[in-house]
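Heads up: the structure comes next, in structure tokens.
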Amino acid sequence: MASLLFSTIDVTRQAFFRSSLTYAIVNLKPIVPGHVLVIPTRYVSRLAELSEPELFSLMRAVNQVGSVIERVYGADGLTVACQDGEAAGQTVPHVHFHILPRKLAGDRFSGQNNDLVYPALQKAEAEMAQPFKVDADEDRAPRTMEEMVKEAAWLREFFPAEEGSGQ
């Protein structure tokens with residue numbers, strides 16, 4: 001399998017879904033369990049730079065990956081977010097969608113805390129620009145590569161090989 005780069009970061013081992021134009025990875029510092037990223041294979045910084053086939057593939061992957069993530073993490077819904085450009089809070093200049101499985105009760109953002117997911121997502125986006133920096137008071141320590149590889153291998157089982165399951 002060819003290496004996958006998210007901007008300049010090699011994320012090949014974190015990948016669990018792959019199509020000809022898109023891939024999905026587990027997150028180094030998930031906001032909620034099951035927080036993943038869906039990324040176009042070609043390195044572009046803005047949605048408008050994607051070709052029509054790339055954009056279609058990306059949206060199809062967001063839908064496919066989101067459906068699986070919602071089911072396997074027992075979620076009631078999804079937060080799907082894309083910061084498109086620096087003014088929108090994008091810090092890694094490679095188009096990507098965050099998919100977060102959400103629960104009506106029991107996740108840290110459920111109930112009256114629902115909208116607090118957006119500042120947390122903004123903070124997570126900023127942290128991706130410096131993936132190995134850890135604040136002393138940070139409650140979301142980065143996971144080990146072994147933890148991410150294990151989750152990616154588990155998630156790969158939910159995608160048919162013909163759709164490019166990352167193998």
(Q) Condition check: surrounded by 19 or more Cβ atoms within 10 Å (Cβ to Cβ), modelled with pLDDT of 95 or more and in contact with a Gly (Cβ under 7 Å, 6 or more places away or on another chain). Does Phe17 satisfy that? (A) yes
Q: Specify the residue that is nearest to Phe6 (Cα to Cα); the eligible residues are those in segment 59-111 that are touching a Pro at 6+ places or on another chain (Cβ under 7 Å) and hydrophobic (A, V, I, L, M, F, W, C).
A: Val95
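A quick yes/no check of all residues on (1) touching a strand residue (DSSP E or B) at 6+ places or on another chain (Cβ under 8 Å); (2) of a type in the set (Phe, Trp, Tyr); (3) in contact (Cβ under 8 Å) with a residue 40 or more places away in the chain:
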| site | (1), (2), (3) |
| --- | --- |
| Asp10 | no, no, no |
| Arg13 | no, no, yes |
| Ser19 | no, no, yes |
| Tyr23 | yes, yes, yes |
| Gly34 | yes, no, yes |
| Ser67 | no, no, no |
**Q.** Filtered residues of segment 48-59 (kept if of a type in the set (D, E, K, R) and free of Cβ contacts under 8 Å to residues at least 40 places away in the same chain)
**A.** Glu52, Glu54
Q. How many residues are β-branched (Val, Ile, Thr) and either part of a helix (DSSP H, G or I) or farther than 21 Å from Gln122 by Cβ (or both) if we restrict to segment 62-107?
A. 5
(Q) Can you find a residue that is of a type in the set (D, E, K, R), at pLDDT below 70 and more than 21 Å from Thr8 (Cα to Cα) anywhere in segment 142-154? (A) no
(Q) Restricting to segment 4-19, count the residues that are in contact with a Phe, Trp or Tyr (Cβ under 9 Å, 6 or more places away or on another chain) and assigned to a strand (DSSP E or B). (A) 6
Q. Quick one: in segment 1-14, which of the residues that are more than 27 Å from Tyr118 (Cβ to Cβ) and of a type in the set (A, V, I, L, M, F, W, C) is surrounded by the most Cβ atoms within 10 Å (Cβ to Cβ)?
A. Leu4
Q. Among all residue pairs at least 6 apart or on different chains, which show Cβ distances below 8 Å where the first residue, located in segment 88-115, is farther than 17 Å from His35 by Cα and the second is loosely packed, with under 15 Cβ neighbours inside 10 Å and among the hydroxyl-bearing types (Ser, Thr, Tyr)?
A. His94/Tyr43
Q.
Consider segment 20-50. How many of its residues are outside any loop (DSSP other than H, G, I, E, B) and either buried (at least 19 other Cβ atoms within 10 Å of the Cβ) or among the polar types (S, T, N, Q) (or both)?
A. 10
**Q.** Top-ranked residue of segment 50-85 - restricted to ones that are small (Gly, Ala, Ser) and over 18 Å from Ala161 (Cα atoms), ranked as farthest from the chain's Cα centre (by Cα)
**A.** Ser51
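The values are calculated or read from the model by the stated rules, or taken from the named source; none is laboratory data. Since this is a predicted model, take the numbers as computed values, not measurements. In this analysis, Cβ positions are derived from the backbone assuming ideal geometry, glycine residues included, and neighbour counts consider all displayed protein chains.
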